[in-house]
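Participant: This is the structure I want to talk about, given as structure tokens.
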Amino acid sequence: MEPTGGGDDRSPMQANATPAGESARGGDKPAERKKRLVKPHRIEGHTRVVCVFGDPVEHSLSPRMHNAAYRELGLDYVYVAFKPTVRRFSDAVQAIRALGIVGANVTVPYKQAAVTVCDRVTDTVSVVGAANTLYFDRGKLVGENTDGLGFASALGAHGFRIRGKRALVIGAGGAARAVVWALTEYGAADIVIANRTASKAKQIAKMFRSHMPGVHHTDLEVLDDFDFLETRQLVVNATSVGLNGKDFLDYSVEATPEDCVHFDLVYAEEPTPFLRMAQALKRPTIDGRHMLVHQGAAAFKLFTGRRAPVDVMAKAIGIKIRT
């Protein structure tokens, strides 16, 4: 959950919801690309290191985003990406202790495993069951989850108020848990979690039902249920479909209301299949880079103690933050 920069980024809820998901580089002229080139980091023996763990991780925009923020504030930090294997993930986390690395972000597929390698976790992580940020507090490795706050902040920046809304969340992994946490925290009226394996969706629904009775689960057949879809005001893709370029699931997007916001948590150089389906029918869309910036800003504050230059981080990955 990462908002516009630490604690106050929870509710930038103004601006009109308009389609997002434009290519980070599409349409640039050579001269414009040249303007964007920045002097590379000068790395010295005292430069502090922050990293991200993931697999795949080569596509990650986090290094570009965080390093732009370090340059803007003149901080002697560098942010790099690592791709540990599943078997060696716990070794990778131990390495950040041994090497004096400041902290780490964690992405697919390690968010749930990250919970088990911390000295302690925050209340949010305890509820969500997944951590996307690891940082040190008085020598102890702490697990935090800034995804939900980042999700809520991205919606708010597009003028979408969660309170009272009816949402469909597709997927049942760590990212879906963070989204459901944010939706319950910010007062959604009704949340349905749909997953290919309905038992996994049921597990998440059960987790959150004590916080909010209106959390339900189902299988993916609901994606073709016109009567149900016409009641949704927000549809979130919390699966990794789209990262590999494959088509999205069978989904009757035409059944959703014209103002139903479609939010894909993943991002790519071009709009994902899920967003293309929504954009083709002129539904408002938000791509995962917006959530990435807001969750990254919260992690930035934990790593550096400084408020993140959110506009700089957004520009570095090809988007504009709405205020």
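The values are calculated or read from the model by the stated rules, or taken from the named source; none is laboratory data. What you are looking at is a predicted structure, and each value in this text was computed from that prediction instead of being measured. Cβ coordinates were reconstructed from backbone atoms using ideal geometry, including for glycine residues, and neighbour counts include every protein chain displayed.
Participant: Consider ALA255 carefully, then state whether it is touching a residue at least 40 places away in the same chain (Cβ under 8 Å) and either in contact with a Ser or Thr (Cβ under 7 Å, 6 or more places away or on another chain) or not polar (S, T, N, Q) (or both).
Facilitator: On the way: touching a residue at least 40 places away in the same chain (Cβ under 8 Å): no; either in contact with a Ser or Thr (Cβ under 7 Å, 6 or more places away or on another chain) or not polar (S, T, N, Q) (or both): yes.
Judged against the criteria, ALA255 is not a match.
Participant: Please tell me if HIS290 is of a type outside the set (Val, Ile, Thr), closer than 17 Å to THR239 by Cα and either assigned by TED's automatic domain parsing to the domain that holds SER60 or not in a loop (DSSP other than H, G, I, E, B) (or both).
Facilitator: Details: of a type outside the set (Val, Ile, Thr): yes; closer than 17 Å to THR239 by Cα: yes; either assigned by TED's automatic domain parsing to the domain that holds SER60 or not in a loop (DSSP other than H, G, I, E, B) (or both): yes.
So HIS290 fits the description; yes.
Participant: Taking the range 74-94 only, how many residues are in a helix (DSSP H, G or I) and surrounded by 16 or more Cβ atoms within 10 Å (Cβ to Cβ)?
Facilitator: 3
Participant: Which one of the conditions (1) modelled with pLDDT of 95 or more; (2) within 25 Å of PHE53 (Cβ to Cβ); (3) not aromatic (Phe, Trp, Tyr); (4) not in a helix (DSSP H, G or I) does ALA299 fail to meet, given that it meets all the rest?
Facilitator: ALA299 satisfies all of (1) modelled with pLDDT of 95 or more; (2) within 25 Å of PHE53 (Cβ to Cβ); (3) not aromatic (Phe, Trp, Tyr); (4) not in a helix (DSSP H, G or I) except (4).
Participant: If I filter the range 219-232 for residues that are within 23 Å of VAL108 (Cα to Cα), in contact with a helix residue (DSSP H, G or I) (Cβ under 6 Å, 6 or more places away or on another chain) and surrounded by fewer than 21 Cβ atoms within 10 Å (Cβ to Cβ), do I get at least one hit?
Facilitator: The first filter runs over the range 219-232 and keeps only residues within 23 Å of VAL108 (Cα to Cα), leaving 219-220.
Those still in the list that are in contact with a helix residue (DSSP H, G or I) (Cβ under 6 Å, 6 or more places away or on another chain) too: 219.
Of the ones still in play, those that are also surrounded by fewer than 21 Cβ atoms within 10 Å (Cβ to Cβ) are 219.
The answer is yes; a qualifying residue exists.
Participant: In addition: Conditions: (1) farther than 22 Å from THR239 by Cβ; (2) in the same structural domain as GLY45 (by TED's automatic domain parsing). GLY164 meets all but one. Number of the miss?
Facilitator: (2)
Participant: Considering only residues that are modelled with pLDDT under 95 and either more than 18 Å from the chain's Cα centre (by Cα) or over 17 Å from MET313 (Cα atoms) (or both), which ones fall in the range 58-85?
Facilitator: To start, the set of residues in the range 58-85 that are modelled with pLDDT under 95 comprises 58-60.
Scanning the range 58-85 gives a single hit, GLU58.
Conditions tested, residue by residue: (1) buried (at least 24 other Cβ atoms within 10 Å of the Cβ); (2) in contact (Cβ under 8 Å) with a residue 40 or more places away in the chain; (3) in the same structural domain as VAL108 (by TED's automatic domain parsing).
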{"residue": "LEU134", "(1), (2), (3)": "yes, yes, yes"}
{"residue": "VAL142", "(1), (2), (3)": "no, no, yes"}
{"residue": "TRP181", "(1), (2), (3)": "yes, yes, no"}
{"residue": "ILE204", "(1), (2), (3)": "yes, no, no"}
{"residue": "HIS217", "(1), (2), (3)": "no, no, no"}
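Participant: Looking for something farther than 17 Å from GLN295 by Cβ and assigned to a loop (DSSP other than H, G, I, E, B) - is there at least one such residue anywhere in the range 60-73?
Facilitator: The answer is no; no qualifying residue exists.
Participant: Can you name the residue in the range 223-256 that is among the acidic types (Asp, Glu) and in contact with a Leu (Cβ under 8 Å, 6 or more places away or on another chain) and, of all such residues, is modelled with the lowest pLDDT?
Facilitator: Initial filter on the range 223-256 (among the acidic types (Asp, Glu)): 224-225, 227, 230, 247, 250, 254.
Among the residues that remain, those that are also in contact with a Leu (Cβ under 8 Å, 6 or more places away or on another chain) are: 250, 254.
Numbers: ASP250: 92, GLU254: 98.
Taking the candidates together, the pick is ASP250.
Participant: Looking for something assigned to a strand (DSSP E or B) and under 12 Å from VAL52 (Cα atoms) - is there at least one such residue anywhere in the range 113-126?
Facilitator: Going residue by residue through the range 113-126, those that are assigned to a strand (DSSP E or B) are 120-121.
Filter once more, so that each one left must be under 12 Å from VAL52 (Cα atoms): none.
Checked the range 113-126: no residue is assigned to a strand (DSSP E or B) and under 12 Å from VAL52 (Cα atoms).
Participant: Continuing with this model, one more query. Quick test of your reading of the structure: LEU155 fulfils all but one of (1) of a type outside the set (Phe, Trp, Tyr); (2) part of a loop (DSSP other than H, G, I, E, B); (3) surrounded by 24 or more Cβ atoms within 10 Å (Cβ to Cβ); (4) modelled with pLDDT of 95 or more. Name the failing condition by number.
Facilitator: Of (1) of a type outside the set (Phe, Trp, Tyr); (2) part of a loop (DSSP other than H, G, I, E, B); (3) surrounded by 24 or more Cβ atoms within 10 Å (Cβ to Cβ); (4) modelled with pLDDT of 95 or more, only one is false for LEU155: (2).
Participant: GLY100 - would you say it is surrounded by fewer than 14 Cβ atoms within 10 Å (Cβ to Cβ) and at pLDDT 95 or above? Spell out the reasoning first.
Facilitator: Working: surrounded by fewer than 14 Cβ atoms within 10 Å (Cβ to Cβ): yes; at pLDDT 95 or above: yes.
Yes.
Participant: Any chance the range 309-319 includes a residue that's in contact with a Leu (Cβ under 7 Å, 6 or more places away or on another chain) and farther than 15 Å from SER60 by Cα?
Facilitator: Among the residues of the range 309-319, at least one is in contact with a Leu (Cβ under 7 Å, 6 or more places away or on another chain) and farther than 15 Å from SER60 by Cα, which makes the answer yes.
Participant: In this structure, is GLY214 more than 23 Å from THR197 (Cα to Cα) and in contact with an Asp or Glu (Cβ under 9 Å, 6 or more places away or on another chain)?
Facilitator: Details: more than 23 Å from THR197 (Cα to Cα): no; in contact with an Asp or Glu (Cβ under 9 Å, 6 or more places away or on another chain): yes.
So GLY214 fails the test.
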